[in-house]
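Single-structure report; data block below.
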Amino acid sequence: CTVRCGFLGSKVCSPVTCEAANPTQCTAGSGGSGGSGGSSTAGCDSGYTQVGTKCYMVQAGPVNYLDALTSCISMGAKLASLESEVEQNAVYALTGSTGAWLGLTDFLDEGVFSWVDGAVFDSATSYNNWRPNQPNNGNINQHCVWIRPDGGWDDITCKKTEAYVCQKTARS
């Protein structure tokens, strides 16, 4: 298979086998039901959990935000966006006591958060689960959002290393 790499997946790396690119998620054959085990559902690849029209998978990392972003892209996914309480609860159940990077950031425009998958985020009207007094851009250096082990969202420095949640669109 070919793997997207580079900043935001802007170039194609040399071809690699599926087993080398993603050894824990490869399945034999084609279609969504190949392989065994994992927590896949009918509309998602093996290892992903379906929530509505989205499929989520937690990667243990720990990696910094840029590495999380590019790793999801290399798997044909994006860092996760949580647009409802149902999605929040499902991802929190997957991340549990670890916490993980989400695809919400304000590194393009300080104080204006946006989902990296293009989903709309309006701080006044969009679903959010910010902890009290967050986001706060502590030390003028917090531009990346993670879901904490308590389920609340917090902006922290992008160089911290955390687990991360990748997202794909479910097959219909």
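The values are calculated or read from the model by the stated rules, or taken from the named source; none is laboratory data. Predicted, not measured: the structure shown is a model, and the values here were computed from it. As a convention, Cβ positions derive from the backbone with ideal geometry for all residues, glycine included, and neighbour counts pool all protein chains shown. Side chains included, ligands, DNA and RNA excluded: accessible areas come from the protein's heavy atoms. Shrake-Rupley method; radii C 1.70, N 1.55, O 1.52, S 1.80 Å.
Values computed for the structure shown
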item: Three-way shape call for segment 31-159 based on the alpha-carbon gyration tensor, with the a/c threshold at 1.5; result: prolate
item: Carbon + sulfur, % of accessible area of segment 34-160 - ligands and nucleic acids excluded, 1.4 Å; result: 50 percent
item: Glu83 accessible area, assembled protein chains, probe 1.4 Å, Å²; result: 90 Å²
item: Electrostatic dipole magnitude of segment 106-172 [Cβ: Lys, Arg +1; Asp, Glu -1; Cα centre; debye, to 20]; result: 320 debye
item: Inter-site label distance for Ser97 and Glu110 at 7 Å from Cα along Cβ, in nm; result: 3.8 nm
item: Chain lengthening between Val86 and Asp67 when straightened (0.36 nm per residue, less Cα-Cα); result: 4.1 nm
item: Sites Ile140 and Thr169, calculated FRET efficiency, Cβ-Cβ separation with R0 41 Å, nearest 0.05; result: 0.70
item: Nearest-20 debye value, segment 29-172 charge dipole, Cβ charges on Lys, Arg, Asp, Glu; result: 420 debye
item: Cα-based shape type of segment 42-101, given that a ≥ b ≥ c are square roots of the gyration tensor eigenvalues and the cut on a/c is 1.5; result: oblate
item: Gyration tensor verdict on segment 102-160 (Cα atoms; rounded if a/c is under 1.5, prolate if a/b is larger than b/c, oblate otherwise); result: rounded
item: Centre separation in Å (Cα based) which lies between segment 40-101 and segment 119-172; result: 13 Å
item: Potential extension, Lys160-Asp122 segment - 0.36 nm per residue separation minus Cα distance; result: 11.1 nm
